[in-house]
1. Inspect all residues belonging to region 15-24 and state whether any of them is without any contact (Cβ under 8 Å) to a residue 40 or more places away in the chain, among the charged types (D, E, K, R) and either within 23 Å of V112 (Cα to Cα) or touching a Gly at 6+ places or on another chain (Cβ under 6 Å) (or both).
2. Based on what the data block shows, is T87 in the same structural domain as G39 (by TED's automatic domain parsing) and either in a helix (DSSP H, G or I) or touching a strand residue (DSSP E or B) at 6+ places or on another chain (Cβ under 9 Å) (or both)?
3. Restricting to region 33-57, and then to whatever is surrounded by 15 or more Cβ atoms within 10 Å (Cβ to Cβ) and closer than 27 Å to K118 by Cβ, can you tell me which residue is nearest to the chain's Cα centre (by Cα)?
4. In region 14-32, what count of residues is obtained for those that are touching a strand residue (DSSP E or B) at 6+ places or on another chain (Cβ under 9 Å), surrounded by fewer than 17 Cβ atoms within 10 Å (Cβ to Cβ) and outside any strand (DSSP E or B)?
5. Of these, S166, S162, S181, which one is touching a residue at least 12 places away in the same chain (Cβ under 8 Å) and exposed (fewer than 14 other Cβ atoms within 10 Å of the Cβ)?
6. Go through (1) in a loop (DSSP other than H, G, I, E, B); (2) within 19 Å of T3 (Cβ to Cβ) and name the single condition T58 misses.
7. Which pairs turn up if I take residues in region 73-86 that are within 8 Å of T119 (Cβ to Cβ) and at pLDDT below 95 and look for partners that are assigned to a helix (DSSP H, G or I) and not polar (S, T, N, Q) with beta carbon separation below 6 Å, at least 6 apart in sequence or on another chain?
Amino acid sequence: MITQIKGRLIEKSPTSVVIDCNGVGYELHISLNTFSQLGDEENIKLYTHMQIREDAHTLFGFYTPKERSVFRLLISVSGIGASIARTMLSSLEPKQIQRAIVTEDLNTIKSVKGIGLKTAQRVLIELKDKMLNLFDGEEIEPFTNNTIKEEALSALEVLGYSRKQSDKVVDNAIQSAPNSSVEELIKAALNKL
């Protein structure tokens, strides 16, 4: 099992990278989260997950071990394959996924392309305790009032902003001012959108 690759970055795209490791070029499939954290440095180290199937041997690369752990937990759920887990990590940061699962935020999980209601429910049921254990020792930042977030998102949708786009902005607004009212959240989100 290949668990990490350290070498020279040869190619980089939003979905994959090629790393030269002692003359051998390894292609790693990455999430947008990892892509955004990769700078312009030539020498990089990515943590990997290797998936072996009859028709393919595929390497997935992650900037942090925590992101890889979240990926492995996600693919352990029936109905979530590697591509959906990678899409999830591209749509949401590992912390956002963790927070959504721990606080049982079904709408956030369901908002990811390829995840329906039943799969989202399965994710929440199967991963809540595992996600708590994974982030053991770290402060979990559940939303104190999820209805305020939902009201702000609904209002932004009425104003013509997509839920997915608004969700990240509202999350950031809640993190910077956790005790905000719905109106304050909407104003803060409108300034960023």
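1. Yes: region 15-24 contains one or more residues that are without any contact (Cβ under 8 Å) to a residue 40 or more places away in the chain, among the charged types (D, E, K, R) and either within 23 Å of V112 (Cα to Cα) or touching a Gly at 6+ places or on another chain (Cβ under 6 Å) (or both).
2. Working: in the same structural domain as G39 (by TED's automatic domain parsing): no; either in a helix (DSSP H, G or I) or touching a strand residue (DSSP E or B) at 6+ places or on another chain (Cβ under 9 Å) (or both): yes.
When the stated conditions are applied, T87 does not pass them.
3. Ranking the qualifying residues of region 33-57, first place goes to N33.
4. Filtering region 14-32 down to residues touching a strand residue (DSSP E or B) at 6+ places or on another chain (Cβ under 9 Å) leaves 15-22, 24-31.
Restricting the remaining residues to those that are surrounded by fewer than 17 Cβ atoms within 10 Å (Cβ to Cβ) gives 15-16, 18, 20-22, 24-25, 27.
From the residues that got through so far, the ones that are outside any strand (DSSP E or B) too are 15, 22.
The total comes to 2.
5. Details: S166 fails: exposed (fewer than 14 other Cβ atoms within 10 Å of the Cβ); S162 fails: touching a residue at least 12 places away in the same chain (Cβ under 8 Å).
Answer to the selection: S181.
6. Looking at each condition in turn, T58 falls short on (1).
7. V77/R122; V77/V123; V77/E126; I80/L74
The values are calculated or read from the model by the stated rules, or taken from the named source; none is laboratory data. Just so it is clear, the structure is predicted and the values come from calculations on it, not from any experiment. Cβ: placed from backbone, ideal geometry, glycine included. Neighbour counts: every protein chain shown.
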